[in-house]
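Undergrad: There's a structure below that I have some questions on.
The values are calculated or read from the model by the stated rules, or taken from the named source; none is laboratory data. Nothing here was measured: the structure is a model prediction, and the numbers come from that model. Every residue, glycine as well, gets a Cβ built from its backbone with ideal geometry; the counts of neighbours run over all protein chains shown. The protein model used for the area step is the full one, side chains on, heavy atoms only, and it has no ligands, DNA or RNA in it. Shrake-Rupley method; radii C 1.70, N 1.55, O 1.52, S 1.80 Å.
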Amino acid sequence: MATLMQRRQFCQGLFALGAIALSGCQASADTGLTVHLLRKSLPPQLIQRFRQQAGVAVRLRLQDTPQALAHLLAVGNLRTGVLSLGDAWLAEAIRQRQIAPIPKRLIQTKVDWAEPWQSFLQFISKEDVLWGLPYRWGATALIYRRDFFAELGWEPKDWDVLWHPAVQGHYSLLNNPREVIGLTLKSLGQSYNAPPTHPQLRERLSRLRQGCRFFSSDAYLQPLMLGSTQLAVGWSTDLLPLLKRDPQTYGAVFPASGTALWLDLWVCGQEPDRAALAWLNYWWQPEVAEQISRFSHAPSPLVADLSATLFQRYISLASPTAFAQSEVLLPLDAASQKRYDILWQEIFLTSS
């Protein structure tokens, strides 16, 4: 996704995993691997277990934002390392030849995921290669102050709350055209990935801008905590720690009509060597994917039985019905991207 706060925090207490097969991918103990990723984005116990099982000396290079990781990739500093890249930057990385395709024959886990991931897998899967390995996901959601909505006598359930008269001037939006225009399309019964040509889209976006107190992608929770806003559009990995910390003050919901899903992927600057390949296969092992899903705020897309993991952790933030209607954001065609840019500039960036 686009700019994020430090959106991942992880719980302690991971229990021991069983032995994970890395046959054919073992690296010698003196082989090092540099991994670029977001700070606090992986459970240290799982990283340590990889070191022990694969015999690889892992050097972590931590960044605070997804943009910093994308910039690192753009300037060509990845070399033989592995990098965690947000899906929003993947299409450009492929176009600019910043990453190398990963031969499918080197990946041990079969790629046969169902929706909502199938459309994204079709994008990253080309003949006998993959452009990246998705290993965790999150979603766009609504977070709100319970006291404010208790006085109104109702709670938000879907995107239409943003146009309700009672919340005008009380909410914040993400500073992200794809998210904001996408959720507006969704509120009009369209897909997030539909062309931005709906006849009511401009008028609805204008109303959304008028009712918005401010928009930010890295500071939208602070005004909510101070009571300056009562409602915010945000990313699940930002929202879940706050909900866990103070569930009496805050509530959150996946919009009932569905929401946007993001994915983080492991990518390589060149065909992976033995150490990099061991890392890639490790995070796609079913046991490891299960642990990420149980003990983090960003579940693995490899876990199919979400009812036993995601929905127990996210209740009532997520429901099976809302999740089924959610979508991974796919790259826009040139015409749609231009239309997005024009709408954002004219409605959100031009002073009235």
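Undergrad: Looking at (1) open to solvent by 30 Å² or more (accessible area, probe 1.4 Å); (2) closer than 15 Å to Asp264 by Cα; (3) touching a Leu at 6+ places or on another chain (Cβ under 7 Å), find the lone condition where Arg145 falls short.
TA: (2)
Undergrad: Hey, could you check the range 39-60 for residues that are open to solvent by 20 Å² or more (accessible area, probe 1.4 Å) and over 16 Å from Ala275 (Cα atoms) and say which is modelled with the lowest pLDDT?
TA: Applying the first criterion (open to solvent by 20 Å² or more (accessible area, probe 1.4 Å)) to the range 39-60 yields 39-40, 44-45, 48-49, 51-53, 55, 57, 59-60.
If we keep only those that are over 16 Å from Ala275 (Cα atoms) as well, we get 39-40, 44-45.
Numbers: Arg39: 87, Lys40: 83, Pro44: 87, Gln45: 89.
The qualifying residue modelled with the lowest pLDDT is Lys40.
Undergrad: Taking the stated definitions as given, is Ala141 free of Cβ contacts under 8 Å to residues at least 40 places away in the same chain and within 19 Å of Thr229 (Cβ to Cβ)? If you could, list the steps in order and put the result at the bottom.
TA: Numbers: free of Cβ contacts under 8 Å to residues at least 40 places away in the same chain: no; within 19 Å of Thr229 (Cβ to Cβ): yes.
Here the answer is no, as Ala141 does not meet what is asked.
Undergrad: Which of the residues that make up the range 77-115 are hydroxyl-bearing (Ser, Thr, Tyr) and farther than 15 Å from Trp131 by Cα?
TA: Looking only at the range 77-115, we keep the residues that are hydroxyl-bearing (Ser, Thr, Tyr), and these are 80, 84, 109.
Passing the criteria: Thr80, Thr109.
Undergrad: Moving on. Can you tell me which residues in the range 160-175 are surrounded by fewer than 23 Cβ atoms within 10 Å (Cβ to Cβ) and in contact (Cβ under 8 Å) with a residue 40 or more places away in the chain?
TA: Residues of the range 160-175 that are surrounded by fewer than 23 Cβ atoms within 10 Å (Cβ to Cβ), as a first pass: 160-161, 163-170, 175.
Residues satisfying the conditions are Val161, Trp163, Val167, Gln168, Gly169, His170, Asn175.
Undergrad: Assess whether Val82 counts as being more than 22 Å from the chain's Cα centre (by Cα), open to solvent by less than 30 Å² (accessible area, probe 1.4 Å) and touching a residue at least 60 places away in the same chain (Cβ under 8 Å).
TA: Values: more than 22 Å from the chain's Cα centre (by Cα): no; open to solvent by less than 30 Å² (accessible area, probe 1.4 Å): yes; touching a residue at least 60 places away in the same chain (Cβ under 8 Å): yes.
No: the conditions fail for Val82.
Undergrad: If you scan the range 119-142, which residues turn out to be surrounded by 14 or more Cβ atoms within 10 Å (Cβ to Cβ), under 18 Å from the mean Cα position of the chain (by Cα), over 18 Å from Cys212 (Cα atoms) and of a type outside the set (A, V, I, L, M, F, W, C)? Give the steps one after another, and end with the answer.
TA: Restricting attention to the range 119-142, the residues satisfying the condition of being surrounded by 14 or more Cβ atoms within 10 Å (Cβ to Cβ) are 120-121, 123-125, 129-142.
Of the ones still in play, those that are also under 18 Å from the mean Cα position of the chain (by Cα) are 120-121, 123-124, 131-142.
Filter once more, keeping what is over 18 Å from Cys212 (Cα atoms): 120-121, 123-124, 131-139.
Matches in the range 119-142: Gly132, Pro134, Tyr135, Arg136, Gly138.
Undergrad: Residues of the range 233-261 being assigned to a strand (DSSP E or B) and farther than 20 Å from Lys186 by Cβ, which ones?
TA: Of the range 233-261, the ones assigned to a strand (DSSP E or B) are 233-235, 250-253, 260-261.
Of everything in the range 233-261, those that are assigned to a strand (DSSP E or B) and farther than 20 Å from Lys186 by Cβ turn out to be Tyr250, Gly251.
Undergrad: A further question on this structure: Among residues belonging to the range 199-237 that are open to solvent by 10 Å² or more (accessible area, probe 1.4 Å) and in contact with a Lys or Arg (Cβ under 8 Å, 6 or more places away or on another chain), point out the one that is farthest from Leu343 (Cα to Cα).
TA: Gly227
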